[in-house]
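Here's the structure we're looking at; comments come further down.
The values are calculated or read from the model by the stated rules, or taken from the named source; none is laboratory data. Computed from a prediction, not measured in an experiment: that's the story for all the values here. With ideal geometry, Cβ positions are generated from the backbone for all residues, glycine too; neighbour counts draw on all protein chains shown.
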Amino acid sequence: MNLEAVLAARLAVAFEAVAGEPVDPLVRASQHADFQSGAALGLARRLGRAPREIAADVAARADLTGLATAELSGPGFLNLTVDDAVLAAAYPLDPPPGAKERIVLDYSGPNVAKELHVGHLRSTIIGDALARLLSWGGHDVVRVNHLGDWGTQFGMLIEHMSDHDGDYSLSDLTAFYQQARVTFDNDPDFRTRARLRVVALQNGDPATRAMWHRLVEQSERSFVADYERLGITLTRADFSGESSYQDQLGSVVDELTAKGLLVESEGALCAFPAGFTGRDGQPLPLIVRKSDGGFGYAATDLAALRHRTRELAATRLLYVVGTPQANHFAMVFAVGRAAGWLPAGVTAEHVNFGSVLGPDGRMLKTRSGDTIKLAGLLDEADERATAPAVGIGAIKYADLANDRRSDYVFDWDRMLAVTGDTGPYLQYALVRIRSLLAKAGAAPGPVVLGHPAERRLALTLLGFEPAAAAAIEHREPHRLAVHLHDVAVAFSTFYETCRPILGSPSRLALTARTGETLRLGLDLLGIPVPDEM
Ligand code: ARG
């Protein structure tokens with residue numbers, strides 16, 4: 001039950017009667033009471049009445065029977081105290097009501113021949129939590145993994161592969177990539193061959209395509225292995241790399257040209273969406289076709305966008321990609337709108353996120369300054385944690401518990417601590433609940449709220465639906481993560497102060513409810529729970 005929403009709806013009726021027009025009652029959880037409404041303060045001027053008078057009038061008219069009592073407080077607040085019977089009642093944990101959409105959710109998006117690294121970690125973790133939350137919310141979610149599996153770098157990779165066929169197991173693709181890069185930088189003859197390879201790849205030369213295929217295959221295998229380890233719901237069926245849009249790029253250019261949206265600039269075909277200017281004040285181009293005739297990242301994203309609204313019939317497009325690409329997406333969306341590929345009623349949103357920092361406050365790197373590979377990170381998690389689920393849970397929670405737009409510091413000791421704002425703390429709460437329930441001598445019975453810690457726990461549990469609804473509405477998994485942490489804290493106070501639990505049907509029922517809330521919540525975030533800790 002979304003108690004906050006129910007209280008707001010009841011108060012809204014009274015506020016409207018008093019104000020003569022609809023008013024948001026601004027019901028919020030509060031330190032001073034269970035909930036507080038502060039809307040009377042904002043109405044004083046308009047109504048020419050003292051806020052306390054307005055609040056008193058609303059309190060007198062509001063029908064809160066069977067739900068809560070309202071009390072005037074301070075300059076004009078209404079303090080709401082929920083009836084114990086409401087807190088004690090059993091309720092389901094339902095997703096928010098409202099229109100259901102078909103949502104294409106673009107996340108993870110690693111690049112072939114470069115192993116998944118921590119930069120992609122956030123997209124993968126946040127994206128997967130959103131996939132789970134939105135699906136639970138009743139939306140029709142189409143997961144898309146926009147792999148970087150195309151581009152000029154493949155000329156160099158394939159040429160290197162053909163020079164060294166047999167020398168490599170391709171199991172260490174990062175080393176392979178680096179060696180190709182070194183040769184490319186130092187050997188002019190190799191550079192020429194690499195450029196010809198790009199042309200051969202684009203023209204569909206069978207031998208070149210076969211080598212490209214091997215590279216992509218090998219990469220995809222390692223991505224899938226990482227996803228499995230991390231408990232990510234992306235499967236191969238969701239992979240739709242940049243290469244899959246290649247045959248649509250010509251028609252993207254044709255359509256944009258027909259709509260008068262392309263301008264030739266220094267040999268390239270560019271769109272200049274309104275409102276985008278560079279530092280020099282000049283209009284910023286979105287390069288659709290390069291001067292050499294090739295297509296890049298932007299063209300592919302335009303084709304993908306058109307495909308998602310036209311072919312996949314999405315009403316909402318979400319892109320879980322780091323903040324540095326904000327301008328890229330804003331421009332792609334603007335061109336998509338102008339081209340009619342984002343019709344009215346269809347929304348596109350860059351679900352951006354900050355960086356993962358090392359303890360020194362800079363981008364997370366290995367000691368030698370290399371980017372950290374995800375597989376290595378997961379190995380380290382396994383070594384440090386008591387169980388794989390604990391390491392994975394620690395990493396995911398640390399990523400999900402902060403507002404996604406902020407950077408966060410990757411700190412093993414803090415992430416893995418069993419106390420504090422951590423994944424293991426939540427996992428431990430659930431493990432403890434499960435073992436309590438397994439030992440229970442009595443069946444859970446009706447809830448009777450005696451001790452303040454019981455009341456606090458029951459009230460906190462009622463915050464689940466609003467938190468999950470906010471996580472969905474704002475695409476902010478931390479709203480749910482923070483709530484689950486509140487639940488675990490309330491449970492641990494209850495556990496320490498309300499004894500005995502085992503013989504009390506009421507306390508067992510509260511314990512069971514807490515367990516169900518944590519289990520569903522952690523599941524929606526994609527955080528696994530070990531059997532024991
Ligand atoms: N491969 C890209 C990168 O590593 C991310 C892809 C994001 N998705 C998209 N549709 N552009 O930066």
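A compact table of results
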| read-out | value |
| --- | --- |
| Subset of region 73-92 (residues that are out of contact with any Lys or Arg (no Cβ under 6 Å at 6 or more places or on another chain) and farther than 18 Å from R456 by Cα) | S73, G74, P75, F77, L78, P92 |
| Pairs where the first residue, in region 109-137, is over 13 Å from F353 (Cα atoms) and of a type in the set (F, W, Y) and the second is part of a helix (DSSP H, G or I) and more than 15 Å from the ligand (Cβ to nearest atom), C-beta under 6 Å, 6+ apart | W136/L524 |
| Helices (runs of 4 or more DSSP H) wholly inside region 38-148 that include at least 3 residues being small (G, A, S), out of contact with any Phe, Trp or Tyr (no Cβ under 8 Å at 6 or more places or on another chain) and closer than 28 Å to R10 by Cα | 51-61 |
| Matching option when the condition is farther than 24 Å from Y91 by Cα and of a type in the set (V, I, T), among V6, V23, V27 | V23 |
| First in region 348-374 and under 16 Å from P110 (Cα atoms) and among the hydroxyl-bearing types (S, T, Y), second anywhere and at pLDDT below 85 and part of a strand (DSSP E or B), Cβ under 9 Å, 6 or more apart | S355/M363; T371/H117; T371/M363 |
| Residue in region 392-401 that is outside any helix (DSSP H, G or I), farther than 21 Å from T81 by Cβ and not hydroxyl-bearing (S, T, Y) present | yes |
| Long-range neighbours under 7 Å by Cβ, at least six apart or interchain, first residue closer than 14 Å to L305 by Cβ and within 7 Å of the ligand (Cβ to nearest atom) within region 317-328, second assigned to a loop (DSSP other than H, G, I, E, B) and polar (S, T, N, Q) | V321/N352 |
| Tally of residues being loosely packed, with under 14 Cβ neighbours inside 10 Å and not in a helix (DSSP H, G or I) across region 194-223 | 2 |
| Spans of strands (runs of 3 or more DSSP E) in region 234-352 with at least 3 residues more than 23 Å from the chain's Cα centre (by Cα) and surrounded by fewer than 16 Cβ atoms within 10 Å (Cβ to Cβ) | 263-265 |
| Inter-residue pairs, beta-carbon under 8 Å, first within 11 Å of the ligand (Cβ to nearest atom) and in region 294-307, second aromatic (F, W, Y) and not in a helix (DSSP H, G or I), 6+ apart | T300/W150; L302/W341; L305/W341 |
| Flag for G127 being at pLDDT 95 or above and within 16 Å of the ligand (Cβ to nearest atom) | yes |
| Residues (more than 30 Å from S504 (Cα to Cα) and in a helix (DSSP H, G or I)) located in region 402-447 | W412, D413, R414, M415, L416 |
| Lone unmet requirement of (1) surrounded by 20 or more Cβ atoms within 10 Å (Cβ to Cβ); (2) touching a helix residue (DSSP H, G or I) at 6+ places or on another chain (Cβ under 7 Å); (3) farther than 16 Å from L7 by Cβ for A88 | (1) |
| Failed condition for Q178, given (1) out of contact with any Phe, Trp or Tyr (no Cβ under 6 Å at 6 or more places or on another chain); (2) within 16 Å of the ligand (Cβ to nearest atom) | (2) |
| Residues of region 208-224 classified as farther than 14 Å from A113 by Cα and in contact (Cβ under 8 Å) with a residue 40 or more places away in the chain, total | 1 |
| Residue within region 462-477 that is basic (K, R), in contact (Cβ under 8 Å) with a residue 40 or more places away in the chain and on the phi > 0 side of the Ramachandran plot present | yes |
| Any helices (runs of 4 or more DSSP H) falling wholly within region 457-533 and containing at least 2 residues that are of a type outside the set (A, V, I, L, M), modelled with pLDDT of 95 or more and within 19 Å of G423 (Cβ to Cβ) | 477-497, 505-525 |
| Extreme residue, nearest to A225 (Cα to Cα), among residues of region 130-169 that are surrounded by fewer than 21 Cβ atoms within 10 Å (Cβ to Cβ) and within 15 Å of the ligand (Cβ to nearest atom) | G148 |
| Residue within region 391-405 that is surrounded by fewer than 20 Cβ atoms within 10 Å (Cβ to Cβ) and β-branched (V, I, T) present | no |
| Pick from region 97-124, criterion acidic (D, E) and within 14 Å of the ligand (Cβ to nearest atom), ranking: nearest to T309 (Cα to Cα) | D106 |
| Any pair with Cβ under 7 angstrom, 6 or more apart, that starts in region 46-71 at a residue that is touching a residue at least 12 places away in the same chain (Cβ under 8 Å) and ends at one that is basic (K, R) | A62/R10; D63/R10; L64/R10; L67/R10 |
